[in-house]
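Below: one structure, written as structure tokens.
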Amino acid sequence: MGEKPIKGEQKAFMTGNEAVAWAALAADAEIMYGYPITPQNEVMQYWTRLAPKYDKRFLQTEDELSAGFTTVGGVLAGRRAFTATAGPGNVLMQEPMSMAEAMRIPTVVVIQQRGGPSTATVIYSQQEVTLTCFGGNGEGLRIVYSTSSHQELFDYTIKAFNTAWKYRFPTFVLADGYQAKMRESLVLYDPQAKGIEMVPTESFVGKPGTPGEDRPPAHLRNTYNTEEELFDVLSKNIREFEENAPEITEYEEFNTDDADLLLIAHGIVFRSAAMAARELAGEGQKVGYFRPITLRPFPQEELRQAAAKAKQVMVVESAYGQLLKLVKENLYGMEVPIKTHLRPGVGITPEEIVADTKKILGEGE
Amino acid sequence: MGKAVKIALAGEGGQGVQSVAMILTDAAAMEGKEILYIPNFGVEQRGGVSIAFVQIGDEKIGAPKFKTGDIVVALSDRAVRRVGMYVGPETVFIYDAGIKGVEDDIPQDAQRILAIPALETANQELHPRVFNVLIMGAVIGATHVVALEKAKEAIEKKLGYKFEQNPELREMNFKALERGYEMVTGTGVA
């Protein structure tokens, strides 16, 4: 093993894409596979700049389909491998990630959401929530972290490798073009110095010894002959996903006791919602927030508890109802009214949320 | 410094708006400030209006974009029209005095409106290349988000390799910074 890329802690001021590349290095990722697409290009750019110094590798593929499949291949060979993509690239990535889901392959994918559908904008959105959580012809047995700052991009990119390898579900770090391109400060660190041990990797194929004699045979399948065979495998995977969910889910909340309005937001929009809630709370208004950090699995119980104490909730997102869909599903059966502030493909400022909140609270008087 | 200072800098692609933002935020980072800087970016490789959204404060910055800036700077006619939406009653709006045909587009509701002869000064007294550094000086004069000396350090860090070959460039850049600074502080804005 070569020299450590980060010793102890180091304050930095950089873009989110750069923070991801540093995080992957710090997590001792061994190889990145990728195909360029804005706004994630600089993840590749920084990785390729840093990789040779630390004996890491990079493979540029012909498109995102092969970037996804080579990532799957890298993991099968026992490598801590990852890729990054956005928008239409994320669409193509769903085929290989379905395979990862089917075979419980611990891939790590960083998504920098851009405007959609299709090419749309290269800038920003939160329109890849449904795709990242439920893309592919399966049940969405994936883990999706929605980050809101460069510190979180760094923290959760490291964590994604451990979550993926511990639970063996494909794991995604879901950010966006703003987080990709903006510069802000964060603290880079060596995970070990913080007591974070990287979950060891192991190869799925080419293990030593004779199968059946020295070890059980590696029986890797994504094809089944009978419906029942598939059902058994899926049932086991679904059970394990659900059993582990409480350990995996993460969330953050503020002022949820007796809120007149509970803001629900994720990712970068959460920052605006948090600013709005704190400002309004400072003025004596009963406004709180709930932020799912994991969108898959979703912190259902925690949201239900917060919503049960609120007079109404408002979902705020840069999409037309993708987080809203998750919220509705997870609040099913509850009577709390759901308001919305939906701005597909556009950033949301705290001022807008404050204005909308005041309007809603004013209506009730 | 209480609340973060919000700055929107807009100009034509190539005018160096993003370079200014980079150096300014580097200087602020050297001072240990909290910063959030986001460039607007699109599919075009060049041309079009380029905007830098910069926030500098003592505490972690919230959202990346804002509705109204404390300082909004426009360096071309199209930039004037584009950034009007970020101007409010608390905003100091700065634009280049040489921009023609924008009389009707200058935001009316700004707290202060300053037309500074940045382009003319750069072209006639200094060099067109240091126009953006002069603008950086004006931004610092209006906000005092960083010390002028720190800005010089950041310029040195970014352009030091060029200064080694041609020390006159250093002097010209620093002079541009100071001229820009004085253009705004002389008006009593900050």
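Bear in mind these aren't lab numbers, they're just calculated from the coordinates by the rules spelled out. Just so it is clear, the structure is predicted and the values come from calculations on it, not from any experiment. Positions of Cβ are backbone-derived with ideal geometry, glycine not excepted, and every protein chain shown enters the neighbour counts.
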Percent antiparallel among DSSP beta bridges with both residues in the protein assembly as shown, to the nearest 5?
-> 40 percent
At R0 = 56 Å the Cβ-Cβ FRET efficiency linking A:VAL336 and B:GLU168, nearest 0.05, sits at 0.25
Stokes-Einstein, Kirkwood over Cα pairs, chain B, 10 °C, 1.306 mPa s; D in µm²/s equals 97 µm²/s
If one builds a Gaussian network model of chain A from Cα atoms under 10 Å apart, the most fluctuating residue listed among A:MET275, A:MET93, A:MET334 is A:MET334
What helices does chain B hold that run 15 Å or longer along their axis, going by alpha-carbon atoms, with a Kyte-Doolittle average of 1.0 or more, using DSSP H for the helix calls?
-> B:17-30, B:131-143
So who's got an amide H within less than 5 Å of the one on A:VAL110, skipping anything under 5 residues away but keeping other chains? H placed 1.01 Å off N, in plane.
-> A:THR83, A:ALA84, A:THR85, A:VAL173
Could you work out the helix-only [θ] at 222 nm for the protein assembly as shown, with each DSSP H run of four or more residues adding -39,500 (n - 2.57) and the total divided by the number of residues, to the nearest 500 deg cm²/dmol?
-> -13000 deg cm²/dmol
Could you give me the ³J(HN,Hα) list for the stretch A:188-200, computed from phi with Karplus coefficients 6.51, -1.76, 1.60 and θ = phi - 60°, whole Hz, x at Gly and Pro?
-> 7, 8, 7, x, 4, 5, 9, x, 8, 9, 6, 5, x
Once you list every other residue whose beta carbon is under 14 Å from the beta carbon of A:ASN90, what net charge do they have if Lys and Arg are +1 and Asp and Glu are -1?
-> -3
Mind checking the mean number of beta-carbon atoms from other chains within 10 Å of the Cβ atoms in A:350-357?
-> 2
Mean projected area (nm²) from the convex hull of Cα positions in the protein assembly as shown is 29.1 nm²
In Hz, Karplus ³J(HN,Hα) per residue of the stretch B:83-99 (6.51, -1.76, 1.60; θ = phi - 60°; x = Gly, Pro) = 9, x, 5, 9, 9, x, x, 9, 8, 9, 9, 10, 9, 6, 5, x, 6
First obtain the Kirkwood hydrodynamic radius of the stretch B:87-181 from its Cα pairs, then insert it into the Stokes-Einstein equation at 37 °C and 0.692 mPa s, and state the resulting D in µm² per second as a whole number.
-> 230 µm²/s
Between the stretch A:320-340 and the stretch B:51-69, the Cα center-to-center distance that results, in Å | 31 Å
Once the principal axes of the Cα atoms of the stretch A:252-363 are found, what is the range along each, listed largest first in whole angstroms?
-> 33, 32, 24
Relative contact order as a percentage, chain B, C-alpha pairs under 8 Å and 6+ apart, gives 21 percent
Along the Cα-to-C-beta direction of A:ILE238, a point sits 7 Å from the Cα; which residues of the stretch A:98-132 have their amide N less than 15 Å from that point?
-> A:102
1/(1 + (r/R0)^6) with r = Cβ-Cβ of B:ARG129 and B:TYR161, R0 = 25 Å, i.e. FRET efficiency to nearest 0.05, evaluates to 0.95
Cα coordinate range in the stretch B:58-124, projected on the principal axes (Å, largest first) | 41, 25, 19
What is the mean number of Cβ atoms from other protein chains located within 10 Å of the Cβ atom of each residue in peptide A:177-187, rounded to a whole number?
-> 6
Residues whose modelled amide H sits under 5 Å from the amide H of A:THR340, counting only those 5 or more places away in sequence or on another chain, are A:VAL315
Helix A:16-26 sits off the longest principal axis of the Cα atoms of chain A, rounded to the nearest 10 on a 0 to 90 degree scale, by 40 degrees
In nm, to one decimal, how far is the modelled label at B:ASP109 from the one at A:VAL205, with both set 7 Å along Cα→Cβ?
-> 6.3 nm
Extension gain (nm, one decimal) between A:GLN45 and A:GLU250, 0.36 nm per residue minus Cα-Cα = 70.7 nm
Other-chain or far-sequence residues with amide H under 5 Å of A:LEU263's (modelled H) | A:GLY288, A:TYR289, A:PHE290, A:MET314
Convert 37 °C to kelvin, take the viscosity as 0.692 mPa s, use the Kirkwood radius over C-alpha pairs of the stretch A:9-194 as Rh, and evaluate the Stokes-Einstein diffusion coefficient in µm²/s, rounded to a whole number.
-> 209 µm²/s
List the GluC sites (Glu not before Pro) in the stretch A:123-194 that DSSP assigns to loop (not H, G, I, E or B) and whose Cβ has at most 13 other Cβ atoms within 10 Å. Which are they?
-> A:GLU139
Given a cut-off of under 8 Å on Cα pairs at least six residues apart, what relative contact order in percent is computed for the stretch A:227-365?
-> 26 percent
So the angle from the long Cα axis of helix A:227-248 to the longest Cα principal axis of chain A, reported in degrees to the nearest 10, equals 60 degrees
Kindly express, to the nearest 10 degrees and within the range 0 to 90, the angle between helix A:267-282's C-alpha long axis and the longest C-alpha principal axis of chain A.
-> 30 degrees
Using a 10 angstrom cutoff on alpha carbons, build the Gaussian network for chain B and name the most mobile of B:GLN15, B:GLN165, B:GLN111.
-> B:GLN165
Once phi is turned into θ = phi - 60°, what whole-Hz ³J(HN,Hα) does the Karplus curve with 6.51, -1.76 and 1.60 give for every residue of the stretch A:330-343, x standing for Gly and Pro?
-> 7, 9, 3, x, 8, 9, 4, x, 10, 9, 9, 9, 10, 10
The stretch A:9-194, relative contact order [Cα under 8 Å, separation at least 6], % | 30 percent
Sparsely packed GluC sites (Glu not before Pro) within the stretch B:103-165, loop by DSSP, other Cβ within 10 Å at most 14 = B:GLU103
Peptide A:268-281 - average C-beta neighbours from other chains (10 Å radius) | 2
